[in-house]
Amino acid sequence: MAGIADSPLPVLSVGVDTLHLYSVPGVIAFGSLGTFFSCTSTDTATMQVGVELFGPPGGAPFNDAVATSLSVAPGATVIFGTSSAVGISISSSLGGSFSKGSARILATSKKLACTAFVADRVDDPPQTSWQLTIIKKTTQKAAN
């Protein structure tokens with residue numbers, strides 16, 4: 001059964017390798033909560049960036065990362081969200097509805113800085129929010 005670690009990577013841009021840069025556990029898209037992924041290009045060339053969502057049992061991605069991927073110019077910042085939110089301007093809506101899941105952040109360049117957070121989608125400013133841990137590919141460093 002495929003999942004975050006072994007699902008085939010989609011082709012974000014023809015002729016360019018898609019890289020699995022980061023994994024994000026703790027994704028929620030349920031009730032008034034949504035998950036948001038903010039990414040900034042640190043490259044000098046435009047790249048394609050996508051986010052794949054995985055539900056509680058793993059398996060195939062819940063969304064089409066190619067269809068929701070974005071072309072990100074050098075130095076630009078984009079925000080992917082599991083849904084729209086009051087007060088958060090998302091660049092791409094990923095969809096999905098699950099109380100626990102994970103995501104992987106994909107790009108055509110390694111020069112991408114990202115953060116992820118869960119937030120209340122209905123209040124501005126959000127009344128509830130917390131940051132999610134982002135790990136490199138599938139390896140989390142042990143706490144010292």
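Per the Debye formula on identical point scatterers at the alpha carbon atoms of region 89-144, with no solvent, log10 I(q)/I(0) at q = 0.22, 0.24, 0.27 Å⁻¹ is -1.21, -1.33, -1.44.
The alpha-carbon of Lys136 sits under 17 angstrom from the alpha-carbons of these aspartates and glutamates, leaving out residues fewer than 8 places away in its chain: Asp6, Glu52.
When both bridge partners sit in region 18-106, DSSP labels roughly 90% of those beta bridges antiparallel.
Shape analysis of the chain based on the Cα gyration tensor places the equivalent ellipsoid semi-axes at 22, 18, 15 Å, largest first.
Could you work out [θ]222 nm for the chain from helices alone, using -39500 (n - 2.57) per DSSP H run of at least four and dividing by all its residues? Round to the nearest 500 deg cm²/dmol.
Theoretical 222 nm ellipticity from helices: -500 deg cm²/dmol.
With no solvent and one point on each alpha carbon, what is the Debye value of log10 I(q)/I(0) for region 40-106 at q = 0.14, 0.15, 0.27, 0.29 Å⁻¹? Relative scattering, expressed as log10 I(q)/I(0), comes to -0.44, -0.50, -1.18, -1.26. For the pair Val66 and Ser93, the difference between a 0.36 nm per residue extended length and the Cα-Cα distance amounts to 8.5 nm. Short-range pairs are left out: with C-alpha atoms under 8 Å and at least six residues apart, the relative contact order of the chain is 35 percent.
Every number here is computed from the coordinates shown, using simple stated rules; none is lab data. In this text, all values refer to a predicted model and were calculated from it rather than measured experimentally.
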